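Right, one structure below, let's go through it.
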Amino acid sequence: MAQSEIRITNEGKEFRNEVMATHGADKLMHCYQCGTCTSDCPVAKRVPEFRPRNIARLAIYGQKDRLLDGDLVWLCAGCYTCYERCPQKVHVSEIVSALRQLALREGKIHPTIKSIVTTIPKHGYISEIGEFENEMRADDGLPPAPTPATEEIKAIVKKTGILGRVGGA
Amino acid sequence: MKYAFFVGCTVLSRLPGYEKSARKVAEKLGVELVDMPGSSCCGTTYMETLDRKTALALAARNIAIAEEMGLDIVTVCNGCTENLTKTNKALKEDPALRAEVNEILRETGKQFKGTVEVKHYVRMLKEDVGLDKVKAASVKPFKELKVGAHYGCHLLKPSDEMLFEDPNDPKVLDDLIRATGAESVDYPGKTECCAGPVMGIREKVTWNVGMDKVQTVKKYADAMATCCPFCYITYERCQFMTETNPNLPVVHIPQLLGLAMGLTADEVGLSTNKVDASALLAKQEA
C-alpha cells in the first residue's frame, strides 16, 4: 500500500512552533516515537484513530488540518497516563491542550465543551443549581448549594475573553 | 479539625449520597466541614486545556474564598482537586503569574494570597485524621465483603503536581476499605481511567471503558468503591447501557466508611445509588 508522503512546509513549521510555545508543550521535539504513550492510553485501546504517538508525530510535522479537523483533539480523556509514562517527558496530554487552543483560535471547538464553557458564567456551575435543585437537596437533608457569585465569574471571563473565543458571546 | 468544604458542581447537583455520607462521616470523626459562600465551579479540567489563565482565575477565586475563611480546602471530586491543587501550587510558586491572575480577579474584589492548602477528602482522612482513627471508629465492620477500589486519575496525576501517592501503586483507598473490615482486592487495570471526560464527545467509548472495568471487578469483588463523581457516574451508568446489566454495586467511599461507623443506610444516602447496594448491609457484623 502506498504511504502518503509527509512534507514539512514553512507553514507547518510555524504551526509546530506555535504548539511548542504553549504552556507545557515545549518538549515536542524530544519525542522519539517509542509509543509508550499509546500503549496504555484508555482511549487508544478503543478508538483506532486516536493514537497519542501519531498526534505527536503529526504535530512535529506541522500537519495542522489532519490534527484539527474532526473530533481528534477532543477525544483525550485527560488522564495523564501518557504524561506519567513518557520517558522523554514530552507530555502528549499537554500537546493535546496546545492543539485545542490552536483549534479554538481557528474557531473550532467541540459543541459539548463549548456548552460547558458558556454555562459556567451563566449559572456559576456546569449546570444550573437553582430552586428546584435546592428543594431536592433539602429532601436529602442537605443544605442549599452555595449561591455562586456569577457577576464575579462573568467579570473573569470578560477579562480573559474566553467567551468570545469559544463563540459564546 | 476544620476545613472549607468545596463540594463541586456534579456532587452538589447529582450525587446526594456522596455529599451526605461525606458530611456524616466527617462529623463522626470530629471534622468540621464549613460551606464556602459564593463558591462556584472549580473551572473544570476542560478549561485548563482551552485557556490556562481563565482556568487559573476561576480556581483562584474559589481558593481566595477559603483564604478569607482562614481554612484549608477539602474537596470530594478528583477534577476539582486537580484544578485547585495545580492552581494553588502554580500561583504560590510563581509571583509573576500570581500578579497576572490577581489582575484578572481585580473586579471580583478577591485576591489570591497563597495561605491555604487543598486536599481531597480521602487525603485529609489519611494525613490529618489518620487511618487508625478511621479504623477505631468502625464499630460495625464489614465481614467477608470484597471491594474493588477505583482511584480515578486526578487524585494522583499529574504526580509532579499532585504530590500525593504513586499513581502506579496508590494506597489510600485500599487502606480506607480495609479500615471498614472489608477486603480490598487487587484486579487487572485497577489504575486505569474511567474515560468519563469523553462521555460528551463519544459516549460509547466511555460506556465501553466503564463496562470493561465493571466486568473485571465483578470477577473479584462484591462491590466497587470510588472517590470521584465522574468515575462513579461512569461505572454506575454504563451498567444500564447493556442488556446484560451486571448489577455491580458502586459506592462512594464515605458511604462504605459511614456504614462501618454505624450510620444507617439512610444517613449515607444508600437509596440514591442506582445499582442496588443494600446487599452490603447483610455483610456487616451485628
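Please work out which residue is surrounded by the most Cβ atoms within 10 Å (Cβ to Cβ), limiting yourself to segment B:186-213 and to residues that are more than 12 Å from chain A (Cβ to nearest Cβ) and not acidic (Asp, Glu).
Applying the first criterion (more than 12 Å from chain A (Cβ to nearest Cβ)) to segment B:186-213 yields B:186-188, B:190.
So of that shortlist, the ones also not acidic (Asp, Glu) come out as B:187-188, B:190.
On the way: B:Tyr187: 16, B:Pro188: 11, B:Lys190: 20.
Restricting to residues being more than 12 Å from chain A (Cβ to nearest Cβ) and not acidic (Asp, Glu), the top hit is B:Lys190.
For B:Ile104, only one of the following conditions fails: (1) among the β-branched types (Val, Ile, Thr); (2) in contact with a Ser or Thr (Cβ under 9 Å, 6 or more places away or on another chain); (3) within 25 Å of B:Thr10 (Cα to Cα). What is its number? Every listed condition holds for B:Ile104 apart from (3).
Residues in segment B:152-185 that are surrounded by fewer than 22 Cβ atoms within 10 Å (Cβ to Cβ), more than 14 Å from chain A (Cβ to nearest Cβ) and in a helix (DSSP H, G or I): B:Asp174, B:Asp175, B:Arg178. Kindly evaluate A:Ser93 against the criterion of being assigned to a helix (DSSP H, G or I), of a type in the set (S, T, N, Q), over 30 Å from B:Tyr18 (Cα atoms) and within 10 Å of chain B (Cβ to nearest Cβ). Against the criterion (assigned to a helix (DSSP H, G or I), of a type in the set (S, T, N, Q), over 30 Å from B:Tyr18 (Cα atoms) and within 10 Å of chain B (Cβ to nearest Cβ)), A:Ser93 does not qualify.
I'm trying to understand the selection: among the residues of segment B:225-267, which are part of a loop (DSSP other than H, G, I, E, B) and under 17 Å from B:Leu125 (Cα atoms)? Before you say what the answer is, go through the steps one by one.
Taking segment B:225-267 first, the residues part of a loop (DSSP other than H, G, I, E, B) are B:227-228, B:242-249, B:261-267.
Selection gives B:Cys227, B:Cys228, B:Met261.
Here's the yes/no breakdown for (1) more than 9 Å from chain B (Cβ to nearest Cβ); (2) part of a helix (DSSP H, G or I); (3) without any contact (Cβ under 8 Å) to a residue 12 or more places away in the chain; (4) hydroxyl-bearing (Ser, Thr, Tyr):
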residue	(1), (2), (3), (4)
A:Tyr83	no, yes, yes, yes
A:Lys89	yes, no, no, no
A:Leu104	no, yes, no, no
A:Ile113	no, yes, no, no
A:Val117	no, yes, no, no
A:Lys122	yes, yes, no, no
A:Arg137	no, yes, yes, no
A:Gly141	no, no, yes, no
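Test each condition in (1) of a type outside the set (Phe, Trp, Tyr); (2) surrounded by 13 or more Cβ atoms within 10 Å (Cβ to Cβ); (3) more than 18 Å from the chain's Cα centre (by Cα) for A:Glu14 and report the one that comes out false. All conditions pass for A:Glu14, except number (2).
Kindly provide the set of residues from segment A:19-44 that are out of contact with any helix residue (DSSP H, G or I) (no Cβ under 6 Å at 6 or more places or on another chain) and either at pLDDT below 95 or part of a helix (DSSP H, G or I) (or both), ordered by number. Matches in segment A:19-44: A:Met29, A:His30, A:Ser39.
For segment A:124-134, what are the residues that are small (Gly, Ala, Ser) and either more than 9 Å from chain B (Cβ to nearest Cβ) or free of Cβ contacts under 8 Å to residues at least 24 places away in the same chain (or both)? Residues satisfying the conditions are A:Ser127, A:Gly130. The residue that is nearest to A:Gly141 (Cα to Cα), among those in segment B:272-286 that are touching a residue at least 12 places away in the same chain (Cβ under 8 Å) and part of a helix (DSSP H, G or I), is B:Thr272.
Can you pull out every residue in segment B:123-134 that is touching a helix residue (DSSP H, G or I) at 6+ places or on another chain (Cβ under 7 Å) and surrounded by fewer than 17 Cβ atoms within 10 Å (Cβ to Cβ)? Steps first, answer last, please.
First pass over segment B:123-134, keeping only residues touching a helix residue (DSSP H, G or I) at 6+ places or on another chain (Cβ under 7 Å): B:123, B:125-126, B:131, B:134.
Result: B:Leu131, single match.
Restricting to segment A:147-168, and then to whatever is over 21 Å from B:Ser13 (Cα atoms) and of a type in the set (Gly, Ala, Ser), can you tell me which residue is surrounded by the most Cβ atoms within 10 Å (Cβ to Cβ)? Looking at the filtered set, the residue picked out is A:Ala155. Please find, within segment B:41-62, the residue that is farthest from the chain's Cα centre (by Cα) out of those that are over 20 Å from A:Val73 (Cα atoms) and of a type in the set (Gly, Ala, Ser). The qualifying residue farthest from the chain's Cα centre (by Cα) is B:Ala57. If only residues of segment B:106-122 that are assigned to a helix (DSSP H, G or I) and crowded, with 22+ Cβ neighbours inside 10 Å are counted, the one that is nearest to the other protein chains (Cβ to nearest Cβ) is B:Tyr121. All conditions in (1) in contact with a Phe, Trp or Tyr (Cβ under 9 Å, 6 or more places away or on another chain); (2) over 25 Å from A:Pro148 (Cα atoms) hold for B:Leu105, with the sole exception of (2).
Give the residues of segment B:13-28 that are more than 15 Å from B:Lys274 (Cα to Cα), of a type outside the set (A, V, I, L, M) and either within 8 Å of chain A (Cβ to nearest Cβ) or in contact with a Pro (Cβ under 9 Å, 6 or more places away or on another chain) (or both), sorted by residue number. Before the answer, list the steps.
Of all residues in segment B:13-28, those more than 15 Å from B:Lys274 (Cα to Cα) come to B:13, B:19-28.
After this cut, where a residue has to be of a type outside the set (A, V, I, L, M) as well, the list is B:13, B:19-21, B:23-24, B:27-28.
B:Ser13, B:Glu19, B:Lys20, B:Ser21, B:Arg23, B:Lys24 - these are the residues of segment B:13-28 that are more than 15 Å from B:Lys274 (Cα to Cα), of a type outside the set (A, V, I, L, M) and either within 8 Å of chain A (Cβ to nearest Cβ) or in contact with a Pro (Cβ under 9 Å, 6 or more places away or on another chain) (or both).
Determine if segment B:1-8 includes at least one residue that is modelled with pLDDT of 95 or more, crowded, with 24+ Cβ neighbours inside 10 Å, assigned to a helix (DSSP H, G or I) and among the hydrophobic types (A, V, I, L, M, F, W, C). No, the conditions are met nowhere in segment B:1-8. Scan segment B:1-12 for residues that are more than 10 Å from chain A (Cβ to nearest Cβ) and among the hydroxyl-bearing types (Ser, Thr, Tyr) and the total you get is 1.
The values are calculated or read from the model by the stated rules, or taken from the named source; none is laboratory data. This one's a predicted model, so the numbers in the text were calculated from it and none came from an experiment. Methodologically, a virtual Cβ is constructed for each residue, glycine included, from the backbone with ideal geometry; neighbour enumeration extends over all protein chains shown.
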